[in-house]
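The values are calculated or read from the model by the stated rules, or taken from the named source; none is laboratory data. On a predicted model such as this, the values are computed, not experimentally measured, just so you know. Reconstructed Cβ throughout: ideal geometry from the backbone, glycine too, with neighbour counts over all protein chains shown.
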């Protein structure tokens, strides 16, 4: 009886292998394209045919090439600002050199944004802060492209990057020019901080174009973070709005799912091709997903108190909690908690699985760590236009 059972299992496996091996290449690639990155890597070990299909340049845009590897962030001390990188992926990805030593030498460099494997950096050439360039680089391939600065770049604190390797190897850089910079009025009036002009650089065209910004008063100080999805840049802003601008310069906005309150931390992220909005107030975390932009329909995905999530350890009013990113493939959020334990100040990084409700401590980032915490998904397959 046992021999018959084993023979039946062997026959079943042979039939399964035969059915899969009979699939045409295009159908097999379509099936593989629905798998997450780590599963795709495992499939390369099935056979030489599968390995070649997954590695073929014609299929790279369709197949999942990478997943969240870690975070870039800065640390502050009394002497200087340093760049750091924290892995969250185990050992599947080689170490990242946070110094970005492959870039051309400059007096000072800051990472402003990260989008689908590319970093947007601001590089000062000498001690004169007016002499600078932007650099867009790929840490996985160590390739980079210089983006010329505008007349206002030296006076701006924020710029954003838009890039989708599935669509094109070209990228866009967004500059947001407040009224006081554009008009040269530094009176300190509240309205002077509102965005008056948006500059957009296209790597395909190789030039900047600029245009008038939103009709409503959108302040640059409230641009906490951003998310780039289907050619549209989403930014949290004041007036309980999420501001949007596409690569052609069309400005719009969508009403936030919850009114802002003083001291709240709110942001937007992309996960599984959807836009998520997070709000962290003094007692709980709330997370929504945007179901329909045209009707501003948000669906609440999570609402959990800090007490339920962390327990009494993080109950002090001096503690600070903030969602910093969403996993691109899984229903997982990354959260930092700043708190004081006895005489020590700590900044701890957690992951929270919204399906299993599992909270996992990843590491202590160090008390000197600071925003922005930029999630990094390595990009191995794409080349930058005009790269070095």
ask   = Does any residue of the stretch 217-232 turn out to be surrounded by fewer than 16 Cβ atoms within 10 Å (Cβ to Cβ), on the phi > 0 side of the Ramachandran plot and not in a strand (DSSP E or B)?
value = yes
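Here is a check on your reading of the model: is residue 258 in the same structural domain as residue 86 (by TED's automatic domain parsing), at negative phi and either in contact with a helix residue (DSSP H, G or I) (Cβ under 6 Å, 6 or more places away or on another chain) or not in a loop (DSSP other than H, G, I, E, B) (or both)?
On the way: in the same structural domain as residue 86 (by TED's automatic domain parsing): yes; at negative phi: yes; either in contact with a helix residue (DSSP H, G or I) (Cβ under 6 Å, 6 or more places away or on another chain) or not in a loop (DSSP other than H, G, I, E, B) (or both): no.
So residue 258 fails the test.
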inquiry  = Given the criteria at pLDDT 90 or above, assigned by TED's automatic domain parsing to the domain that holds residue 243, touching a helix residue (DSSP H, G or I) at 6+ places or on another chain (Cβ under 9 Å) and in a strand (DSSP E or B), does residue 352 qualify?
reply    = yes
task = Would you kindly identify the strands (runs of 3 or more DSSP E) lying entirely within the stretch 265-313 that contain at least 2 residues that are farther than 20 Å from residue 243 by Cβ and over 20 Å from the mean Cα position of the chain (by Cα)?
result = 297-305
ask   = Where residues in the stretch 143-192 are modelled with pLDDT of 90 or more and not in a strand (DSSP E or B), which of them is nearest to residue 205 (Cα to Cα)?
value = 170
task = State which residue is modelled with the lowest pLDDT when the search covers only the stretch 87-127 and only residues that are closer than 14 Å to residue 74 by Cα and assigned to a loop (DSSP other than H, G, I, E, B).
result = 97
query = Which of the residues spanning the stretch 147-178 are under 24 Å from residue 99 (Cα atoms) and surrounded by fewer than 16 Cβ atoms within 10 Å (Cβ to Cβ)?
reply = 148, 154, 157
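Each row is one residue, and each column tells you yes or no for (1) over 17 Å from the mean Cα position of the chain (by Cα); (2) at pLDDT below 90.
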| site | (1), (2) |
| --- | --- |
| 209 | yes, no |
| 212 | yes, yes |
| 228 | no, no |
| 234 | no, no |
| 249 | yes, no |
